[in-house]
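Just below is one structure, and these are the notes that go with it.
The values are calculated or read from the model by the stated rules, or taken from the named source; none is laboratory data. All figures in this text were calculated on a predicted structure; none of them were measured in a lab. Cβ coordinates were reconstructed from backbone atoms using ideal geometry, including for glycine residues, and neighbour counts include every protein chain displayed. Note: accessible area is taken over every heavy atom of the protein model, side chains too, but ligands, DNA and RNA are not part of it. Shrake-Rupley method; radii C 1.70, N 1.55, O 1.52, S 1.80 Å.
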Amino acid sequence: MGTAGNGKRAAAGGVALVALAVWLLPEMAHAQLRVGFYDTSCPNAEALVRQAVAAAFARDAGIAAGLIRLHFHDCFVRGCDGSVLLTVNPSGGKTERDAAPNNPSLRGFEVIDAAKAAVERSCPRTVSCADIVAFAARDSIALTGSVSYQVPAGRRDGRVSNANDTVDLPPPTSTAKNLTDLFAAKNLSVEDMVVLSGAHTVGRSFCNSFVNRVWDQSATPPKAIVDAGLSASYAALLRALCPSNTSQTTPITTAMDPGTPNVLDNNYYKLLPRGMGLFFSDNQLRVDSAMAALVSSFAANEALWKQKFAAAMVKMGRIQVQTGTCGEVRLNCGVVNPTSSAEAVVELVGSNTPAAGEGGVATS
């Protein structure tokens with residue numbers, strides 16, 4: 001009886017220790033991200049990324065918006081693990097990069113590759129692609145909005161990328177509730193969501209993301225419409241730009257902020273009350289009273305919005321990160337490293353760890 005009792009107590013203790021370890025993992029991952037992570041191992045890492053982004057920006061100012069969006073799309077699917085960069089899914093099937101929310105609209109991959117090549121020449125096998133994406137987004141924000149902030153680093157790269165997982169990305173047709181729920185699932189608040197939506201002040205969008213606001217494509221022939229909350233004159237401009245037969249492959253784009261398309265400012269919030277939010281989801285920020293109050297606040301105070309935007313980007317950059325021995329540091333951002341059986345075990349353990357908290361451990 002004594003032996004059995006001891007065995008039960010030992011088993012119970014083991015279960016408790018495992019439960020405690022799982023409970024602590026998100027906080028441990030959160031703590032392992034830190035500013036200056038590469039100060040010793042690769043002291044010029046951030047400077048090299050900054051140089052690659054600046055060179056690309058000099059050729060095409062629009063690339064900055066692409067790099068900001070790339071970070072968002074990486075973090076919202078399987079966490080900030082560089083999975084959006086993968087061109088091949090090791091388990092077969094389409095990658096995130098090839099999914100409809102990302103293809104053909106997502107851009108900036110060549111800038112990340114250039115930055116990675118520069119970093120690898122200086123510090124081989126040291127700096128993750130996920131961190132490079134976070135640095136590049138920060139540098140793009142500095143170039144377009146004169147906003148500077150420090151990026152906690154130490155992310156590891158994931159080994160999984162599935163197109164189906166992009167359901168976590170908020171589509172341009174999202175309602176206020178959809179937006180609230182999708183951001184809450186990533187431990188981001190309503191305020192975080194409204195703040196981060198301000199990134200729509202830079203960049204361009206394909207017609208397919210908003211065509212249903214100006215054309216009823218279910219009618220034969222398609223009928224001109226003006227969606228609720230959309231200015232009639234703005235709708236007419238969009239309709240003249242986007243043909244009634246617009247589809248996923250239609251290559252036409254328009255600036256999301258026609259006034260200052262390459263400047264990260266608070267103009268997005270000023271356009272919303274004028275019926276010039278490009279997406280249905282943009283107009284939803286006017287429909288919800290709490291969101292509308294935030295829109296008014298940011299429209300009136302650009303400095304406040306920029307301060308909160310920098311903080312929200314840092315918070316977003318902690319979503320479901322892999323740190324320590326989870327994941328890997330990819331040699332090529334587009335493909336996973338060849339894995340040994342030991343590495344595969346580490347990845348499997350990481351993939352079965354439930355995500356929780358702002359810095360939760362990734363599920364890939």
Checklist entry - Quick check, is Asp227 open to solvent by 30 Å² or more (accessible area, probe 1.4 Å), of a type in the set (D, E, K, R) and assigned to a loop (DSSP other than H, G, I, E, B)? => result yes
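For region 73-84, state whether one or more residues are under 17 Å from Met316 (Cβ atoms), open to solvent by 10 Å² or more (accessible area, probe 1.4 Å) and touching a Leu at 6+ places or on another chain (Cβ under 7 Å).
Yes.
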Checklist outcome for this item: Counting only residues that are open to solvent by 60 Å² or more (accessible area, probe 1.4 Å) and assigned to a helix (DSSP H, G or I), region 300-309 contains a total of 5
Item to check | The one condition in (1) free of Cβ contacts under 8 Å to residues at least 24 places away in the same chain; (2) of a type in the set (A, V, I, L, M, F, W, C); (3) out of contact with any Lys or Arg (no Cβ under 8 Å at 6 or more places or on another chain) that Val202 fails to fulfil | outcome: (1)
Checklist outcome for this item: Asn187 fails exactly one of (1) in contact (Cβ under 8 Å) with a residue 12 or more places away in the chain; (2) under 25 Å from Met316 (Cα atoms); (3) open to solvent by 50 Å² or more (accessible area, probe 1.4 Å); (4) out of contact with any Lys or Arg (no Cβ under 9 Å at 6 or more places or on another chain), namely (4)
Checklist entry - Restricting to region 193-207, what's the tally of residues that are in a helix (DSSP H, G or I) and over 17 Å from Leu264 (Cβ atoms)? => result 2
Checklist entry - Among the residues of region 37-65, which ones are without any contact (Cβ under 8 Å) to a residue 60 or more places away in the chain and closer than 17 Å to Ser122 by Cα? => result Asp39, Thr40, Pro43, Ala47
Item to check | In region 142-167, the residues that are assigned to a loop (DSSP other than H, G, I, E, B), over 20 Å from Lys315 (Cα atoms) and either open to solvent by 20 Å² or more (accessible area, probe 1.4 Å) or at pLDDT below 95 (or both) | outcome: Arg159, Val160, Asn162
Checklist entry - Being open to solvent by less than 50 Å² (accessible area, probe 1.4 Å), part of a helix (DSSP H, G or I), in contact with a Gly (Cβ under 9 Å, 6 or more places away or on another chain) and not β-branched (Val, Ile, Thr), is that true of even one residue in region 273-281? => result no
Next on the checklist: Looking at region 15-29, can you tell me whether even one residue there is surrounded by 13 or more Cβ atoms within 10 Å (Cβ to Cβ) and modelled with pLDDT of 95 or more?
Outcome noted: no
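Look through Thr175, Thr250, Thr180 and report the one residue that is buried (at least 18 other Cβ atoms within 10 Å of the Cβ) and modelled with pLDDT of 95 or more. So that I can check it myself, show each step before the final result.
Details: Thr175 fails: buried (at least 18 other Cβ atoms within 10 Å of the Cβ); Thr250 fails: buried (at least 18 other Cβ atoms within 10 Å of the Cβ).
Criteria check complete, one pass: Thr180.
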Checklist outcome for this item: The residue from Asp192, Asp139 that alone is buried (at least 20 other Cβ atoms within 10 Å of the Cβ), in contact (Cβ under 8 Å) with a residue 12 or more places away in the chain, among the charged types (D, E, K, R) and over 28 Å from Asn332 (Cα atoms) is Asp192
Item to check | Single match in Ala342, Ala312, Ala290 (criterion: open to solvent by 10 Å² or more (accessible area, probe 1.4 Å) and at pLDDT 95 or above) | outcome: Ala290
